[in-house]
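The values are calculated or read from the model by the stated rules, or taken from the named source; none is laboratory data. Please read these numbers as outputs of a predicted model, since none were measured by experiment. As a convention, Cβ positions derive from the backbone with ideal geometry for all residues, glycine included, and neighbour counts pool all protein chains shown. Side chains included, ligands, DNA and RNA excluded: accessible areas come from the protein's heavy atoms. Shrake-Rupley method; radii C 1.70, N 1.55, O 1.52, S 1.80 Å.
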Amino acid sequence: MVGFIVNPVAGNGKGKRIWERIEPAVSGLGAVFVVRETSDDGSAEKLAKEMIEKEGVNKIIAVGGDGTVHGVLNGIYQSGQACKFGLVPAGSGNDFARAHGIATNPVVAVERVLSETAEKRIDLMWMNGRIAANSIGAGFDAQVAKATDLAKYKAWLNRWRLGGLAYVISVLRELRKFQRSDLVMHVDGQVIKLEAAWLVTAANIPNYGGGMKICPMAVANDGWADICVVSNASCIELLRAFAKIYFGSHIHHPKVSFYRGRQITIETVIPYLVHADGELIGETPIQMKMLPDQQAIFV
């Protein structure tokens, strides 16, 4: 059986509109399905787990953005059972969909998932009992994620299909508020010490924040996390690096460092906010590891 988890408020109401558009196509294909709508933060995870454990669902299709992806995949992981995953993109950033080449046309996307014509397995990132599919980050990017989530301009920009700009505005607003910290990072046993770090992001896909290529070399099924750190940079230097991030050319910036690893520990003198797939989940210190070849998805 197929389960649909719809986030009606994703993309400023786009989730609801897209479900209304694709429901006739789903019924027309003769699929046996159940559908549930998310009601608040965390409900996607609960709904996914319940669908698997109580309703016998073995494939879940999310209709939403990266937050919905994060919740559903955590529900699948917490169930401890094999369940395939598909996505009909309906968010403002849609980084998971962008990284995996998922169709932006919702009818095409749902037909591809239901037909099971293209399936692959991806790695997941584990941290403190939770998983992430896109990235785990600490520091400035987590602070920006929090500001963006609370911002009124995010909804306004979503109406004009400019949701990715909300992150840019939040960067500029949070720039002078952020307090940098020295950090110690352990990557597969290697000890790395960095001064005045702005952010450290471990990525499973190249992009985050609505298309920014934070780790252009990241591959979702190679078993490795690609790690980007910005440290010991002035505000102006950070902005110069940020201006290049959409093209991935920040990799040449002298204040940006890259590492690769499977087991990573991050400790900071000043506690940093931590996000997983853009969802705030706590503060440093953190320990994370890669879970290779963990989840089946349809693309």
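Each of Leu172, Leu183 has its accessible area taken with a 1.4 Å probe; listed largest first, they run Leu172, Leu183. The fraction of all Cα pairs in region 148-220 landing in successive 5 Å bins from 0 to the largest distance is 3, 13, 16, 17, 21, 16, 7, 4, 2, 0, given as whole percents. Just checking the listed ones, Ile169, Ile192, Ile264: in the Gaussian network model of the chain with Cα springs under 10 Å, the one fluctuating most is Ile192. Solvent-accessible surface of protein heavy atoms, probed at 1.4 angstrom with all chains present, puts Phe242, Phe258 in the order Phe258, Phe242, largest first. Packing here is the average count of other Cβ atoms within 10 Å per residue, and on that basis the peptides 280-292, 222-234, highest first, run 222-234, 280-292.
For the chain, the antiparallel share of DSSP beta bridges with both residues in that region comes to about 75%. In the chain, what percent of the accessible surface is made up of carbon and sulfur (1.4 Å probe, ligands and nucleic acids excluded)? C and S fraction of accessible area: 50 percent. Working note: Karplus 6.51/-1.76/1.60 with θ = phi - 60° gives region 292-299 the couplings x, 6, 9, 10, 8, 10, 9, 10 Hz, where Gly and Pro are set to x. Between Arg21 and Ser115, residue separation times 0.36 nm minus the direct Cα-Cα distance comes to 32.0 nm.
Of the whole protein surface, Leu239 contributes about 50 Å² of accessible area at a 1.4 Å probe radius. Taking only the Cα atoms of the chain, the radius of gyration and Dmax are 18.7, 58 Å. Between the C-alpha center of region 69-138 and that of region 215-237 there is a gap of 21 Å. The value of relative contact order for region 166-299, using C-alpha pairs under 8 Å at least six residues apart, is 24 percent. Derived scalar couplings between HN and Hα for region 200-207 equal 9, 10, 9, 10, 9, 9, x, 10 Hz in order, rounded to whole Hz, by the Karplus curve 6.51 cos²θ - 1.76 cosθ + 1.60 (θ = phi - 60°), x for Gly and Pro. Each residue, Leu29 and Tyr153, gets one label point 7 Å from its Cα in the Cβ direction; the gap between the two is 3.9 nm. Accessible surface of Asp149, taken over heavy atoms with a 1.4 Å probe and every protein chain present, rounds to 100 Å².
Per residue, the average separation of C-alpha pairs within less than 8 Å and at least 6 apart gives the chain a relative contact order of 21 percent.
For the set Trp156, Trp19, solvent exposure ranked by accessible area (probe 1.4 Å, protein chains only) runs largest to smallest as Trp156, Trp19. Here Lys193 is the anchor, and the lysines within straight C-alpha reach of less than 16 Å, apart from those fewer than 8 places off in the same chain, are Lys255.
Between the residues Asn7, Ile266, Gly223, the greatest Cα displacement towards the positive end of the dipole of the chain, with unit charges on the Cβ of Lys, Arg, Asp and Glu, is found for Asn7. The Cα atoms of region 109-163 give a gyration tensor whose axes a ≥ b ≥ c have a/c of 1.5 or more with a/b no greater than b/c, which makes the shape oblate. For region 140-154, 3J(HN,Hα) computed residue by residue from phi via the Karplus equation (6.51, -1.76, 1.60; θ = phi - 60°) reads 4, 5, 5, 5, 5, 4, 5, 4, 5, 4, 8, 6, 5, 5, 4 Hz, glycine and proline entered as x. Over 31 Å apart at the Cα level, from the set Lys84/Lys244; Lys46/Lys289; Lys14/Lys46, are Lys84/Lys244. How would you classify region 1-132 from its alpha-carbon gyration tensor, with a ≥ b ≥ c the square roots of the eigenvalues: rounded for a/c under 1.5, else prolate if a/b is greater than b/c, otherwise oblate? It is rounded, given that a/c, with a ≥ b ≥ c, falls under 1.5.
Total lysine pairs in region 91-189 at Cα distances under 27 Å, for residues eight or more apart or on different chains: 4.
Computed from the Cβ-Cβ distance with R0 of 30 Å, the FRET efficiency linking Arg262 to Asn105 stands at 0.25.
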